[in-house]
Amino acid sequence: MTGPTSTSWPSLRVSDWTDTRDTLHMWTQIVGKIRMAHTPLLNHWWQVTLYVSPRGLTTSSIPHRTGAFEIEFDFVDHQLRVRSSNGGVQTLALRPMAVAEFYAQVLGLLAGLGIEAPIRPHPNEVDPAIPFAEDHVHNSYDGEAATLFWRQLLQANRVMGEFRSHFVGKVSPVHFFWGGMDLACTRFSGRSAPPHPGGVPNCGDWVMVEGYSRELSSCGFWPGGGEEGAFYSYAYPAPEGFAEQPAGPEGAFYSNDFQQFLFPYEAARAAPDPDRAVAEFLRTTYEAAADLAKWDRAALEDNPFRWK
């Protein structure tokens with residue numbers, strides 16, 4: 001493992017924590033599905049996501065009967081913490097354990113607080129999709145790696161949040177989708193999009209139709225696509241000529257394999273000003289999508305400092 005946890009833009013090679021990443025992916029799916037079970041549908045599945053918190057990843061407040069509860073991955077003290085509006089708190093130490101054990105333990109924590117968890121108990125967007133209660137394959141947890149990943153997310157969340165502030169049209173929060181294990185933010189033109197063709201492993205095509213029902217430009221960060229993860233940007237539907245557009249800064253490129261622009265995290269981290277480098281990538285790829293598709297940018301964008 002490289003890079004101290006105090007580094008603002010820490011180094012974390014994907015190959016150094018693949019087993020932990022894949023286990024944590026399954027754990028976040030379990031927690032995300034619990035949020036989904038208790039929260040009414042919002043457009044594009046915005047109700048299912050997790051959010052970067054000062055200590056890890058959280059569901060935020062989940063409605064339950066006349067109260068609420070929250071589940072948080074604490075990657076500082078390495079605990080899963082469930083807090084209820086009735087004052088109850090349950091915790092689980094994050095340590096190497098199989099997904100099956102984590103699943104049983106989480107159900108037990110919720111039961112101790114009187115909370116039901118009627119979820120579909122197997123993962124989405126992966127193949128094979130081992131049912132949670134039977135998954136003894138994914139059983140790794142490197143606490144240092146989990147902390148470094150969270151610190152990567154802290155930086156991505158901050159820079160993407162600033163990018164989001166320049167858009168006054170319909171735009172998603174900066175949120176963590178546990179299906180693909182990525183932090184994402186999506187801007188919308190206001191126009192409808194053709195039905196998405198689907199084809200995502202172990203995920204109903206209707207799920208993708210809802211997610212991509214409006215024309216969009218989406219960006220994010222995920223622990224793949226580069227030696228230390230990558231920032232990405234794509235459009236749906238992709239306007240003609242999108243893949244050929246120039247994208248900054250140096251190191252950014254269009255991936256035919258992923259059908260999107262990528263900017264490896266290690267290139268951002270090594271830049272003289274990582275914030276500026278990532279912001280340039282997000283801006284240039286969005287502008288390529290919006291200009292080619294003739295978005296009404298004057299109506300959709302504004303200066304976030306306009307009242308200063």
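Shown in residue order for the range 68-74 are the 3J(HN,Hα) couplings computed by the Karplus curve 6.51 cos²θ - 1.76 cosθ + 1.60 at θ = phi - 60°: 7, 8, 9, 10, 10, 7, 9 Hz (x for Gly and Pro).
Among the chymotrypsin sites (Phe, Trp or Tyr not before Pro) found in the range 259-308, those both in a DSSP coil and sparsely packed, with 11 or fewer other Cβ atoms within 10 Å of their Cβ, are PHE305, TRP307. Quick check: the distance between the Cα centres of the range 186-259 and the range 119-154, to the nearest angstrom? Between the Cα centre of the range 186-259 and that of the range 119-154, the gap is 23 Å.
Here the Karplus relation 6.51 cos²θ - 1.76 cosθ + 1.60, evaluated at θ = phi - 60°, turns the backbone of the range 270-281 into coupling constants of 7, 5, x, 9, x, 4, 5, 5, 5, 4, 5, 4 Hz, with x for every Gly and Pro. Computed about its Cα centre, the charge dipole of the chain is approximately 1120 debye, with only Lys, Arg, Asp and Glu carrying charge at their Cβ. The charge dipole of the range 143-300, taken about the Cα centre with unit charges on the Cβ atoms of Lys, Arg (+1) and Asp, Glu (-1), comes to about 560 debye, rounded to the nearest 20. List the residues of the range 174-204 whose backbone N lies under 15 Å from a point placed 7 Å from the Cα of ALA238 along the Cα-to-Cβ direction. Under cut-off, by backbone N: 197-198. Identify the GluC sites (Glu not before Pro) of the range 122-164 meeting these criteria: DSSP loop state and at most 16 other C-beta atoms within 10 Å of the C-beta. Listed in order of number, the matching sites amount to none.
Taking 20 Å as the cut-off, the amide N atoms of the range 192-222 that come nearer than this to a point 7 Å along the Cα-to-beta-carbon line of ALA129 belong to 196-213. Taken one residue at a time, the phi angles of the range 202-210 give Karplus couplings (6.51, -1.76, 1.60, θ = phi - 60°) of 6, 8, x, 4, 5, 5, 6, 4, 5 Hz. Gly and Pro are set to x. Projected label points at SER192 and ARG95, each 7 Å from Cα along the beta carbon direction, are separated by 5.5 nanometres. Set Lys and Arg Cβ to +1 and Asp and Glu Cβ to -1, take the dipole of the range 143-300 about its Cα centre, and tell me which of ALA235, LEU148, VAL168 lies farthest positive. Working it through, the farthest residue towards the positive pole turns out to be VAL168. For the chain, a Kirkwood radius taken over Cα pairs fed into Stokes-Einstein (20 °C, viscosity 1.002 mPa s) yields D = 106 µm²/s. Using label points projected 7 Å from each Cα along Cα→Cβ, tell me how many nm separate ASP257 and ARG120, to one decimal. The modelled label-to-label distance comes out at 2.9 nm.
Dividing the convex hull volume of the alpha carbon atoms of the range 14-134 by its residue count, what do you get in Å³ per residue? Show your work: numbers first, answer last.
Working: hull volume 14.4 nm³, N = 121.
Cα convex hull per residue, to the nearest whole number: 119 Å³.
Under 5 Å from the amide H of GLY229 lie the amide H atoms of VAL14, GLY224, TYR265, each residue being 5 or more positions distant or on a separate chain, with H modelled from the backbone and absent for Pro and chain starts. Here is the list for the range 244-294: trypsin sites (Lys or Arg not before Pro) lying in DSSP coil, each with at most 16 other C-beta atoms within 10 angstrom of its C-beta, are LYS294.
Read-outs: derived from the displayed coordinates by stated rules, not from any lab. Since we're looking at a predicted model, the values are computed, not measured. Because the Cβ atoms are built from the backbone with ideal geometry, glycine has one as well, and the counts that use them run over all protein chains shown.
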